[in-house]
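Taking it in order: structure first as structure tokens, then the write-up.
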Amino acid sequence: MILLAGFFFAGMTFFVRLSGDLPTMQKAFFRNAVAALFAIIMLLRTEEKFHIHEGCGRDLFMRSLCGTLGLICNFYAIDKLPISDANMLNKLSPFFAIIMSTFLLKERASKAEWGFVITAFIGSLLVIKPSFSVQFVYAMIGMLGGLGAGIAYTYVRRLGMRGERGPVIVMCFSLFSCLVTLPFVLLNYRPMTATQLLCLLLAGLCATGGQFSITAAYTFAPAKEISVFDYSQVVFAALLGYLFLGQLADGLSYLGYLIIIATAVAKWIYTMKKE
């Protein structure tokens, strides 16, 4: 299921890029509108409907805010960078989650876990390539997308610890993102061709498939056992980018991918042995 989620999320970035030079906010709106619709349909079929557990409102707001900012940065990076680079920078989110868990959940990271964070950051520098070029700015925006996602996932973890339902979290995030992006869409709407509209709808469907697949995966197995397989998304994105968009990352980026994924694998092995 988590490999399927990786494929769906890679498909989302592929169709976002394929939709062309539409405004980032317009792309984000359509992506979240589809996800919101599916989440609402799911909740209507439950007994509790749209009930939010007591004490979860603030965390739902923060998850939605950070997730929306992360999503907008990620979509902007997808338009400006090879989609494999944009995906990899977004996949720094688990390492940012370690940092944020220290402050939000009061979970103390071990020396080894801090070592993983530092190593992953070194790998990210090979993808970002610090310089005075505009590509560096795009890469930093992509990294901010990973930061936003990392903070959002920390709030998702806290919501899960408080018993909040997954579809409620998805619905609140998707509706919040639609409300944030809608004014920008109305002010700067760009007419779409049938192909562009189809690409955005497919991006939304892929995002929805990814959400449900990853939720199922974490229902079937603990995060510590399967989270490393989420990096398959980068491999799928690289293949889609090469086969259909003619995109090839440079040698430094591939070295950065190797370091970050190897660090994720090492962290996974460390966590399993620790347990």
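The values are calculated or read from the model by the stated rules, or taken from the named source; none is laboratory data. Treat the numbers as computed from the prediction; the structure is a model and nothing was measured. FYI the Cβ positions are ideal-geometry reconstructions off the backbone, even for glycines, and counts take in every protein chain you see. For accessibility, only protein heavy atoms count, side chains too; no ligands or nucleic acids. Shrake-Rupley method; radii C 1.70, N 1.55, O 1.52, S 1.80 Å.
Ranked from the most accessible area to the least, with a 1.4 Å probe and all protein chains present, what is the order of Leu43, Leu147, Leu37? Please report the intermediate quantities before stating the final value.
On the way: Leu43 0, Leu147 55, Leu37 100 Å².
Putting Leu43, Leu147, Leu37 in descending order of accessible area: Leu37, Leu147, Leu43.
Which of Thr193, Thr154, Thr24 ends up with the largest GNM mean-square fluctuation for the chain, with Cα atoms connected below 10 Å? The residue with the greatest mean-square fluctuation here is Thr193. Our note on the geometry: Cα centres of region 112-128 and region 193-269, 19 Å apart.
The chymotrypsin sites (Phe, Trp or Tyr not before Pro) found in region 176-275 that occupy coil by DSSP, while having at most 16 further C-beta atoms within 10 Å, are Tyr189.
Cross-link pairs exceeding 19 Å between alpha carbons, from the set Lys111/Lys273; Lys91/Lys267; Lys106/Lys273; Lys111/Lys267; Lys91/Lys129: Lys106/Lys273.
The mean of 1/r over all distinct Cα pairs in region 120-275, once inverted, gives the Kirkwood hydrodynamic radius of 18.6 Å.
State which stretch of the chain is the longest one without any exposed trypsin sites (Lys or Arg not before Pro), exposure meaning a DSSP loop state and at most 13 other Cβ atoms within 10 Å.
Working: sites that count: Arg45, Lys49, Lys106, Arg108, Arg162.
That would be 163-275.
For region 1-145, what relative contact order do you get, as a whole percent, if you take Cα pairs closer than 8 Å and at least 6 residues apart? Intermediate results must be reported in sequence, preceding the final value.
Details: 89 pairs, mean separation 44.6, N = 145.
The normalised contact order for region 1-145 reaches 31 percent.
When the inverse distances between all different Cα atoms of region 183-245 are averaged and flipped, the Kirkwood radius reads 14.6 angstrom. A straight chain from Thr215 to Glu54 at 0.36 nm per residue would run longer than the Cα-Cα distance by 55.7 nm. Can you work out the PRE-style zone for Phe244? Point 7 Å along Cα to Cβ, and I want the residues of region 20-37 with backbone N under 13 Å. Answer for this model: 20. Taking all protein chains together and rolling a 1.4 Å probe, Ile260 ends up with roughly 0 Å² accessible. In loop segments of region 56-157 as defined by DSSP, the chymotrypsin sites (Phe, Trp or Tyr not before Pro) with at most 13 further C-beta atoms inside 10 Å of their C-beta are Phe132. Its relative contact order, with pairs defined as Cα atoms under 8 Å and 6+ residues apart, puts the chain at 43 percent. Which of the aspartates and glutamates could a cross-linker bridge to Lys49, judged by Cα under 18 Å and excluding same-chain residues fewer than eight apart? Within the straight-line cut-off, Lys49 pairs with Glu164. For the chain, the equivalent ellipsoid built from the Cα gyration tensor has semi-axes of 26, 26, 17 Å, listed from largest to smallest. Rolling a 1.4 Å probe over the protein heavy atoms of the chain, with every protein chain left in place, gives an accessible area that is 72 percent carbon and sulfur.
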